[in-house]
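Asker: Once you've had a glance at the structure underneath, I'll fire off some questions.
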Amino acid sequence: MNHDFRCTMSRRAFLAAVAGAAASASMRGAHASAVDERQIKVAPGEVRLNGAGGPSTAVWTYNGTVPGPALRLRQGQPVRVAVENGLDEDTTVHWHGIRLPNAMDGVPGLTQTPIRPGESFSYEFAPPDAGTFWYHPHADSLVQIGRGLAGPLIVEEAEPVAFDGDLLWLLQDWRLTKDGQIAGGFGSMMDASMSGRVGNLVTVNGQAQPDQSVRAGERVRLRLANASLARMMALRFEGHRPVVLAIDGQPCDPHEPEDGRLVLAPAMRIDIALDMQGDPGSRHDVIDDFYDGLAYRLTTLVYDNASPIRPHPLSAPLALPRNPLPELDFANAVHQEIVLQGGMMGGGKLKGAGGMMGMTMPGMNGGAAWAINGMSMTGDGHAGMAPQFMLERGATCLLTMRNETAWWHPMHVHGFSLSVLSRNGEPVPHRQWQDTVLLAPKDTVDCAFVADNPGDWMLHCHVADHQMAGLMTVFRVK
């Protein structure tokens, strides 16, 4: 099922909405903090990824759709999401990028008992940050995400932000057979030890190569979320100049991306502003050219024939309001380092729960292909995972991530946002905070965060094959 996920309003309607929201807020008074109740059922379903004329594909869904319903929440308002498991296997939901209590983080064994078939679990949290996030399983995640389980989560700013439209593109990558069914072979040795399970069809909100209707002169906020298992993306907007507003839900200094390409690794989100300066009736492709020689058209911006809604681009400032992230204390910071090792061409021996493993082909028989600081943790998470390091609550942690492998790794931290300080010794501009930091081969990235959220937290590569084959660890905030 295709979702447009579009919210468009004129300037007059926008001002009316602001006035209405203010009046509504004053009327709500004491009810403003009432719990927002939501329900999600996980169950098998069928979709037509190539449109009405294409084959029907058996998938796993949230509330019967792929992607799942767009959950729009309010910053700071408590929410309770009751998740019912209609699959024949355990599942959980991880609220990716949300700074929430550890017990709501959705890691089976580590933070909660998995949701058994036919059972339900209620997740309760109050999202402290506005921005673009998403939700997905953290049990059998390689298969469950690969069969379609992903949905967008938007936390709206406390005060409305002035755009003519609010678009969301949730991007998914599928490996399909010739008859349009999801291919088997999840967790193969080749995928596990190299670039992961990259598919052969990419969808935007559940549809392959859809047209996106726009109007000349409008300014839109476009929220991009990469829900792929492994596919890296680098998007070019032909004839347009995107301005990056936020990364992984956290506002940054507005800036144009290097070479005009938006690099979006699995699990990452980027919010951009697009001023639609094309001519009425024109068409402009959005191209993904991350992999050399394998560029393809993701979608097309299609201008209607109406006159521009304004003669010149808006002059209003683009910066989004910052979220209430804790202040970093560099003077008393604690330093930790994690080193990513292994993979095909990685060399060396990997250490697992049973001690040193031999020099067999990495990733064979579901074994470890990767390690962090010489230790491989495989699977999705489980009880009794020994923490890689421990932090006192409230401490500032300077975290160095060093990629010694020949492959790309988007490293995701649960429960926190990281201030990205430097890459290979060079300062990172634009005051960027991220929960998923992409490391190119041989990269070293320095980050910082405040350990203000107690519990055992996962840190892992979000190429699902890499996580399952050992590129995962845990740290503890006491």
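The values are calculated or read from the model by the stated rules, or taken from the named source; none is laboratory data. Since this is a predicted model, take the numbers as computed values, not measurements. Ideal geometry is used to build each Cβ from the backbone, glycine not excepted, and the neighbour counts take in all protein chains shown. Remember, those area values only see protein heavy atoms, side chains included, never the ligands or the DNA or RNA. Shrake-Rupley method; radii C 1.70, N 1.55, O 1.52, S 1.80 Å.
Asker: So what is the relative contact order of segment 166-302, in percent, for Cα pairs below 8 Å that sit 6 or more residues apart?
Answerer: 28
Asker: Let me ask you something else. For segment 168-237, what is the accessible area per residue in Å² when the probe is 1.4 Å?
Answerer: 28
Asker: For a quick size check, give me the Cα extents of segment 161-300 along its three principal axes, largest first, whole Å.
Answerer: Taking the Cα atoms of segment 161-300, the three principal extents are 48, 33, 27 Å.
Asker: Which whole-number percent is the relative contact order of the chain (Cα, under 8 Å, 6+ apart)?
Answerer: The normalised contact order for the chain reaches 15 percent.
Asker: Counting only protein heavy atoms, what percent of the accessible surface of segment 167-301 is carbon or sulfur at a 1.4 Å probe?
Answerer: 47
Asker: Give the Debye-formula value of log10 I(q)/I(0) at each listed q (0.05, 0.07, 0.09, 0.13 Å⁻¹), with one equal scatterer per alpha carbon of the chain, two decimals each.
Answerer: With no solvent term, the Cα-only Debye profile gives -0.18, -0.35, -0.59, -1.31.
Asker: Using the heavy atoms of the protein chains and a 1.4 angstrom probe, tell me the accessible area per residue for segment 377-478 in square angstrom.
Answerer: Value for segment 377-478: 31 Å² per residue.
Asker: Using unit Cβ charges (K, R positive; D, E negative) and no other charged atoms, how large, in debye to the nearest 20, is the dipole of the chain about its Cα centre?
Answerer: The dipole magnitude comes to about 280 debye.
Asker: While we're on this one: Grab the DSSP H runs of the chain that are 4 residues or longer, score each as -39,500 (n - 2.57), total them, divide by all residues and round the 222 nm result to the nearest 500 deg cm²/dmol.
Answerer: My calculation for the chain gives -2000 deg cm²/dmol from helical runs alone.
Asker: Highest mean first, what order results for 440-448, 35-43 on Cβ atoms within 10 Å?
Answerer: Order by mean packing, descending: 440-448, 35-43.
Asker: Of all beta bridges DSSP finds with both residues in segment 200-327, what is the antiparallel percent, to the nearest 5?
Answerer: Of those bridges, close to 90 percent are antiparallel.
Asker: Ordered by residue, what ³J(HN,Hα) values in Hz, to whole numbers, does segment 461-478 give under the Karplus form 6.51 cos²θ - 1.76 cosθ + 1.60, where θ = phi - 60° and Gly and Pro are x?
Answerer: Taking θ as phi minus 60°, the curve returns 6, 9, 6, 4, 4, 5, 4, 4, 9, x, 8, 7, 8, 9, 10, 10, 9, 7 Hz for segment 461-478.
Asker: Here's another thing I want to ask about it. If you take every DSSP beta bridge whose two residues both sit in the chain, what share of them, in percent to the nearest 5, is antiparallel?
Answerer: 75
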